[in-house]
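The values are calculated or read from the model by the stated rules, or taken from the named source; none is laboratory data. Just so it is clear, the structure is predicted and the values come from calculations on it, not from any experiment. Ideal geometry is used to build each Cβ from the backbone, glycine not excepted, and the neighbour counts take in all protein chains shown. Note: accessible area is taken over every heavy atom of the protein model, side chains too, but ligands, DNA and RNA are not part of it. Shrake-Rupley method; radii C 1.70, N 1.55, O 1.52, S 1.80 Å.
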Amino acid sequence: MNRSILLIYTGGTIGMKQDPETSALKPFNFKHILDEVPELKKFGYKIDSYSFDPVIDSSDIEPRFWVDLVRLLKEHYQAYDGFVILHGTDTMSFTASALSFMLEDLEKPVVLTGSQLPIGMLRTDGKENLISSIEIAAAKDSRGRPMVPEVCIYFESQLYRGNRTTKYSAENFRAFKSANYPVLADVGIHIKYNTSLINYPHSWGRPLKIHTELNTDVVILKIFPGLKKEMMDAVVDIPGLRAIVLETFGSGNAPTGEWFTGTIKRAVGKGIIVLNITQCHAGSVDMDAYATGKALKEEGVVSGYDSTTEAALTKLFFLLGQNTDNLCVKSLLEKNLRGEISIS
Ligand code: ASP
């Protein structure tokens, strides 16, 4: 099978190996990936690698790094059948969500993966994650079309839509969860693709469009019993703030006292977009379910439905980067752009 894959190494645990002299973990030279993981040669694919320099722990990821990444994908888009991005797990869901919005009309797989244990350690989960990610990125259907033309995360035998994931375990090999959307593929003896759940283009052959303008004047505000008006005011008064991702209780509920609703009203009045998502790990915001949610809706708060925090934040970065008009941003927030929310 004549397939070509570009393996992009950004950093993170997966690319570490023990220095034989000091026994410290340090990144290995990705130019030699085929020597480190000789199993990859058995695919018979052309596997090229690109390593960021310097490689970074994913806690240091900044939005401008996503811009570099989408530019790199665009530059090499025609030359490869699929892309595998090795990335630290800590912020992998943010990167996957951001890429899903920044890449429009994507027709090839972009699979992010990493590991909990370095690839150079005996019990590593990195080898299986890497090998299966490459197989998935190269997989085609009987018509020669990619099986998963989406930005995905592959981890511990499951393939997820990237913008539906959250890192939920700092311990288990199964580090990610996609609570509101089923897995795109299950990997056991066979790789079982859930094709009815995968987003395929309406018509194939469109050029990839990349969006590199991001506006990051956005904060996440998680509400909690004990939150004070002064704290809310400090957030609302951040100079230049364009949007607040409001992590509410349950199905989108928040305190009903004037100290809270009045501050939200002031924010909306100042032109700040307030996007309501739930701090529950699964389920959706429904601002009509309780009076406490209705009050927010009346103040002009927008529903984020069943969005993850990562998708809500990066969708705002993306939409505010493209549009200056709040009405336009609000109407796009309510639309399912890349499979990130469960509305049609
Ligand atoms: N701190 C590391 C990172 O996110 C953890 C990992 O790779 O799993 O880069």
- [ ] Determine, yes or no, whether Phe173 is of a type in the set (Phe, Trp, Tyr) and surrounded by 19 or more Cβ atoms within 10 Å (Cβ to Cβ).
- [x] no
Open item on the list: I'd like to know if the stretch 82-98 contains one or more residues that are open to solvent by 10 Å² or more (accessible area, probe 1.4 Å), over 20 Å from Tyr168 (Cβ atoms) and within 13 Å of the ligand (Cβ to nearest atom).
Closed with: no
Open item on the list: Would you confirm, using the coordinates I've provided, whether Leu214 is in a loop (DSSP other than H, G, I, E, B) and open to solvent by less than 50 Å² (accessible area, probe 1.4 Å)?
Closed with: yes
Task: Flag if Asp53 is modelled with pLDDT under 95, more than 14 Å from the ligand (Cβ to nearest atom) and open to solvent by less than 80 Å² (accessible area, probe 1.4 Å) - done: no
Task: Unmet criterion (only one of (1) in a loop (DSSP other than H, G, I, E, B); (2) touching a Ser or Thr at 6+ places or on another chain (Cβ under 6 Å)) for Met232 - done: (1)
Task: Trp204, sole failed condition from (1) outside any helix (DSSP H, G or I); (2) surrounded by 15 or more Cβ atoms within 10 Å (Cβ to Cβ); (3) of a type in the set (A, V, I, L, M, F, W, C) - done: (2)
- [ ] Scan the stretch 68-81 for residues that are closer than 16 Å to Gly11 by Cα and either within 16 Å of the ligand (Cβ to nearest atom) or among the β-branched types (Val, Ile, Thr) (or both) and report the count.
- [x] 1
TODO: Any chance you could count how many residues in the stretch 1-26 are in contact with a Phe, Trp or Tyr (Cβ under 8 Å, 6 or more places away or on another chain), part of a strand (DSSP E or B) and not hydroxyl-bearing (Ser, Thr, Tyr)?
DONE: 6
- [ ] Provide a single number: the residues in the stretch 1-42 that are loosely packed, with under 12 Cβ neighbours inside 10 Å and within 16 Å of the ligand (Cβ to nearest atom).
- [x] 1
Open item on the list: If I ask for residues that are of a type outside the set (A, V, I, L, M, F, W, C) and over 27 Å from Ala98 (Cα atoms), which ones from the stretch 32-63 would you list?
Closed with: His32, Asp35, Glu36, Pro38, Glu39, Lys41, Lys42, Gly44, Tyr45, Lys46
Task: Filter result for the condition that a residue is in contact with a Leu (Cβ under 8 Å, 6 or more places away or on another chain) and acidic (Asp, Glu), over Asp35, Asp19 - done: Asp19
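Enumerate the helices (runs of 4 or more DSSP H) found wholly within the stretch 33-147, keeping only those where 2 or more residues are acidic (Asp, Glu), more than 29 Å from Gly188 (Cβ to Cβ) and touching a residue at least 60 places away in the same chain (Cβ under 8 Å).
On the way: elements: 33-36, 63-76, 92-102, 126-138.
So the answer is none; nothing clears 2.
Within the stretch 271-288, can you find the residues that are touching a residue at least 24 places away in the same chain (Cβ under 8 Å) and under 17 Å from Ile343 (Cα atoms)?
First, pick out the residues of the stretch 271-288 that are touching a residue at least 24 places away in the same chain (Cβ under 8 Å): 271-287.
Those that are touching a residue at least 24 places away in the same chain (Cβ under 8 Å) and under 17 Å from Ile343 (Cα atoms): Leu275, Asn276, Ile277, Thr278, Ala282, Gly283, Ser284, Val285, Asp286, Met287.
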Open item on the list: Looking only at residues that are among the small types (Gly, Ala, Ser) and within 23 Å of Arg123 (Cβ to Cβ) in the stretch 147-170, which one is least open to solvent (accessible area, probe 1.4 Å)?
Closed with: Ser169
- [ ] Would you confirm whether any residue within the stretch 158-173 is of a type in the set (Ser, Thr, Tyr) and under 16 Å from Tyr193 (Cβ atoms)?
- [x] yes
